[in-house]
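The values are calculated or read from the model by the stated rules, or taken from the named source; none is laboratory data. Everything numeric in this text was worked out from a predicted model, so none of it was measured. No Cβ is skipped: glycine too gets one built from the backbone with ideal geometry, and neighbour counts run over all protein chains shown. Heads up: the accessible areas ignore ligands, DNA and RNA and are worked out on the full protein's heavy atoms, side chains in. Shrake-Rupley method; radii C 1.70, N 1.55, O 1.52, S 1.80 Å.
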Amino acid sequence: MKFSQNYPLKNLNTFAINTKAKYYLPISNVDELMELTANEVFLNNKYFILGGGSNVLFCSDFDGLVIHMDNKGIQIVDQNDSYVYIKSDAGVIWDDFVAFCVENGFGGVENLSLIPGTVGASPVQNIGAYGSELKDVFYEAGIFNLKTKKIGVYTHEMCRFGYRKSIFKNELKNIAVVLNVTFRLKTEPVLNLSYKELERRVKEIINPSVKDVRDTVIAIRTEKLPDPSITPNAGSFFKNPVIEKNTFDEILMIHPSLKTFPADEGKVKLAAGQLIELCGWKSKQDGKVAVHPNQALVIINKGNASGNEIVEFSKEIQDSVFKKFGVILEPEVNII
Ligand code: EPU
């Protein structure tokens, strides 16, 4: 097998952290994965499965093997009057997959336009934006289990999707490699305009299509979120915290302006961006790290920051949010 050594990861993580992997191996099919599990580099080193690198923060050089799925096919596997089943390989860029669906007039992923990353990473954290989540369109995933060395199929139920989580982020972390994902999309799309700003803009269009929704989502994202190829970042650095309703009622008495979103029974989801903004962090910079001026949930690398500098900065944000609101912010980004 052709391992690269001391491989630079700067172009493989959207935070653009200048770091290296001891070993690096792109994988394009399951036979190569099978072969890998018998290789001594794999057996003698820790490893990490890297997707689009849009949700990771490397704090030091990775003293092990970085495995990168590089398979890139998209295929319509079944279709009936209502649904089309599309199988995409893990290495496909997520937004290329969305563009393919939208060009064909299939509905369900248009609200997830422009999310950085790969298809293989999409079920791992159940990506979501503008009123849609991956779980709404996920049908099944083909995986390779690095422990049992077997291929398997994970159905929707088996994946145990939740807000930015799934079995792949928990029990199967670093065990299951996602090979492909099959999505079930609508052949007669029903637009999801539950996100108010999206509804407002799309309503101005006569007979809006999935393409209009995609274009509008791209416009909103471009206004609010920094383009990682220009301003390195990993999207939302923290998850929106979900807290007990009773606790929320107490916080609300002191901070009546807090916004909330639906969550499980007896719980309330808060807007982490708002909490961070109310602590005065918007646009704040410390050394080479800053909070994005248009969206306080996004931390940006202003030029060659190290992973540790970003972590230290993020801890200061966590501390100040905890001091002001008594709310713990959990990173959404995978800190390595
Ligand atoms: N808000 C502020 N100040 C800010 C940012 C947000 O007050 O600096 C308020 C907004 O006014 C709004 C609320 O917070 O009322 C929510 O903001 P927004 O709709 O921008 O979304 P978000 O909750 O901050 C989540 C996702 C994003 C996704 C957007 C849009 C998480 C952790 N983040 O952010 O996903 O694009 O919703 O649906 O759930 C990502 O995961 O990397 C990501 C960017």
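Yes/no per residue for (1) within 16 Å of the ligand (Cβ to nearest atom); (2) in a loop (DSSP other than H, G, I, E, B); (3) of a type in the set (Ser, Thr, Tyr); (4) over 16 Å from Val177 (Cα atoms):
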residue: Val77; (1), (2), (3), (4): no, no, no, yes
residue: Asp81; (1), (2), (3), (4): no, yes, no, yes
residue: Asp96; (1), (2), (3), (4): no, no, no, yes
residue: Cys101; (1), (2), (3), (4): no, no, no, yes
residue: Asn126; (1), (2), (3), (4): yes, yes, no, no
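For the range 154-171, the criterion of being within 14 Å of the chain's Cα centre (by Cα), of a type in the set (A, V, I, L, M) and away from the ligand (no atom under 14 Å from the Cβ) is met by no residue. Within the range 105-123, the set of residues being more than 16 Å from the ligand (Cβ to nearest atom) and either assigned to a strand (DSSP E or B) or free of Cβ contacts under 8 Å to residues at least 24 places away in the same chain (or both) comprises just one member, Gly107. The selection criterion, being open to solvent by less than 10 Å² (accessible area, probe 1.4 Å) and either part of a loop (DSSP other than H, G, I, E, B) or at positive phi (or both), holds for Gly91.
Out of the strands (runs of 3 or more DSSP E) lying entirely within the range 4-67, which hold 1 or more residues that are on the phi > 0 side of the Ramachandran plot?
Values: elements: 4-8, 20-27, 47-50.
Because the criterion is at least 1 residues that are on the phi > 0 side of the Ramachandran plot, the strands (runs of 3 or more DSSP E) in the range 4-67 that meet it are 4-8.
Can you tell me how many residues within the range 102-124 are polar (S, T, N, Q) and either open to solvent by 30 Å² or more (accessible area, probe 1.4 Å) or not assigned by TED's automatic domain parsing to the domain that holds Leu179 (or both)? The total comes to 1. Among the residues making up the range 215-232, those that are among the charged types (D, E, K, R) and either in contact (Cβ under 8 Å) with a residue 40 or more places away in the chain or more than 13 Å from the ligand (Cβ to nearest atom) (or both) are Asp215, Arg221, Glu223, Lys224.
Among the helices (runs of 4 or more DSSP H) confined to the range 152-240, the ones with at least 3 residues that are open to solvent by less than 60 Å² (accessible area, probe 1.4 Å) are located at 196-202, 210-224. The C-beta contact set for the range 1-19 (first residue closer than 17 Å to Ser306 by Cα and without any contact (Cβ under 8 Å) to a residue 12 or more places away in the chain, second residue part of a strand (DSSP E or B) and open to solvent by 80 Å² or more (accessible area, probe 1.4 Å), distance under 9 angstrom, 6+ apart or interchain) comprises Lys10/Lys20.
Scan the range 284-294 residue by residue and report those that are within 14 Å of the ligand (Cβ to nearest atom), open to solvent by 50 Å² or more (accessible area, probe 1.4 Å) and in contact with a strand residue (DSSP E or B) (Cβ under 8 Å, 6 or more places away or on another chain).
Step one: of the range 284-294, the residues within 14 Å of the ligand (Cβ to nearest atom) are 284, 290-294.
Retained after the next criterion (residues that are open to solvent by 50 Å² or more (accessible area, probe 1.4 Å)): 284, 293-294.
Lys284 - this is the single residue of the range 284-294 that is within 14 Å of the ligand (Cβ to nearest atom), open to solvent by 50 Å² or more (accessible area, probe 1.4 Å) and in contact with a strand residue (DSSP E or B) (Cβ under 8 Å, 6 or more places away or on another chain).
Taken together, the residues in the range 1-34 that are touching a helix residue (DSSP H, G or I) at 6+ places or on another chain (Cβ under 8 Å) and surrounded by fewer than 20 Cβ atoms within 10 Å (Cβ to Cβ) amount to 3. If you go through the range 233-250 and keep only what is within 14 Å of the ligand (Cβ to nearest atom) and more than 15 Å from the chain's Cα centre (by Cα), you end up with Pro241, Val242.
Residues in the range 245-261: is at least one open to solvent by less than 60 Å² (accessible area, probe 1.4 Å) and assigned to a loop (DSSP other than H, G, I, E, B)? The answer is yes; a qualifying residue exists. Taking residues in the range 265-283 that are more than 6 Å from the ligand (Cβ to nearest atom) and of a type in the set (S, T, N, Q), and partners anywhere that are modelled with pLDDT of 95 or more and assigned to a loop (DSSP other than H, G, I, E, B), the pairs with Cβ atoms closer than 6 Å and at least 6 places apart or on different chains are Ser283/Pro293. Scan the range 298-336 for residues that are more than 15 Å from the ligand (Cβ to nearest atom), aromatic (Phe, Trp, Tyr) and in contact with a Leu (Cβ under 8 Å, 6 or more places away or on another chain) and the total you get is 1.
Would it be correct to say that Phe42 is open to solvent by 10 Å² or more (accessible area, probe 1.4 Å), assigned by TED's automatic domain parsing to the domain that holds Pro116 and farther than 17 Å from Thr14 by Cα?
Values: open to solvent by 10 Å² or more (accessible area, probe 1.4 Å): yes; assigned by TED's automatic domain parsing to the domain that holds Pro116: no; farther than 17 Å from Thr14 by Cα: yes.
It is false that Phe42 is open to solvent by 10 Å² or more (accessible area, probe 1.4 Å), assigned by TED's automatic domain parsing to the domain that holds Pro116 and farther than 17 Å from Thr14 by Cα.
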